[in-house]
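No lab work stands behind these numbers, since they all come straight from the coordinates. Given the structure is predicted, the values throughout are model-derived calculations rather than measurements. All Cβ positions, glycine included, derive from the backbone under ideal geometry; neighbour counts span all protein chains shown.
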Amino acid sequence: MSKVKMDAVIISQEKIAQDIYSMWFKAEAIASEAKPGQFVAVYSDNGANLLPRPISICEIDKVNGSLRIVYRVVGKGTDEFSKKTAGDKLSVMGPLGNGFTLKDKKAILIGGGIGVPPMLELAKSLECEKVVVAGYRSELFLDEDFKKVAPFYVATEDGSTGTKGTVIDAIKANDLKADIIYACGPTPMLRALKEYAIANDMEAQISMEEKMACGIGACLACVCKSKDKDEHTNVNNKRICKDGPVFDAREVEL
């Protein structure tokens, strides 16, 4: 699979929650190759900001050659992106990383925080019995999108919507059963889900969130500990941007 760097044209952008933005952009060469769980590197127009921002792909429209990203504004780069409007250009490279392996098994899809968006394309792509569980601090986003493709359950830290607590609390409260877990979110959530999957004899694929530099596996800035030795470094590390971001939960230490 080849990656492409190009100037994409923004189709639309809107703010969908506090500091959360949804953007569609035209990028036929990337959309044609993209798979659920992959990401794109988005470059700043400011030459002082050399490193791109890795952002997960939320939706893929292969027919119209477009991609959707949903991201949180956390710094100068993402703040710059949030000010762009339809017709503006966006320098992007992708698709990057290895996505989810789709299996015909009863599934629970789990997203936490900004790990929620990449689960939408996965939910649309899986042709199996599935439910989605999303964890938020309080304010929901993309909930109406998910409800169109699968049964949708929510956990919030403050209990304002759905189950109060964690995504595992929501799984237990709704007595959700499955053969496989697909998840993306912060490390503490993924660690808990790995333990839950092992305890319940379930397969688990996890997408790891990590700060990245090059995004293509050359700089070794985003590594995680693995059971297997990396062929490039001969140590027990995996490059999240290149070998991941999706891993079998049993392969990595969290």
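Which residues, counting only those in the stretch 61-72, are farther than 18 Å from GLY111 by Cα and either touching a residue at least 40 places away in the same chain (Cβ under 8 Å) or assigned to a strand (DSSP E or B) (or both)?
Listed by number, the residues that qualify are ASP61, SER66, LEU67.
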Within the stretch 83-123, how many residues turn out to be surrounded by fewer than 16 Cβ atoms within 10 Å (Cβ to Cβ) and under 27 Å from SER138 (Cβ atoms)?
-> 1
Of the conditions (1) under 23 Å from SER207 (Cα atoms); (2) in contact (Cβ under 8 Å) with a residue 24 or more places away in the chain, PHE81 fails just one. Which one is it?
-> (1)
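The rows are residues; the columns are (1) assigned to a loop (DSSP other than H, G, I, E, B); (2) touching a residue at least 60 places away in the same chain (Cβ under 8 Å); (3) charged (D, E, K, R); (4) under 21 Å from GLY99 (Cβ atoms).
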residue: TYR21; (1), (2), (3), (4): no, yes, no, no
residue: ALA29; (1), (2), (3), (4): no, no, no, yes
residue: LYS35; (1), (2), (3), (4): yes, yes, yes, yes
residue: ALA48; (1), (2), (3), (4): yes, no, no, no
residue: ILE57; (1), (2), (3), (4): no, yes, no, yes
Given the conditions (1) under 16 Å from the mean Cα position of the chain (by Cα); (2) surrounded by fewer than 21 Cβ atoms within 10 Å (Cβ to Cβ), and given that LEU67 satisfies all but one, which numbered condition is not satisfied?
-> (2)
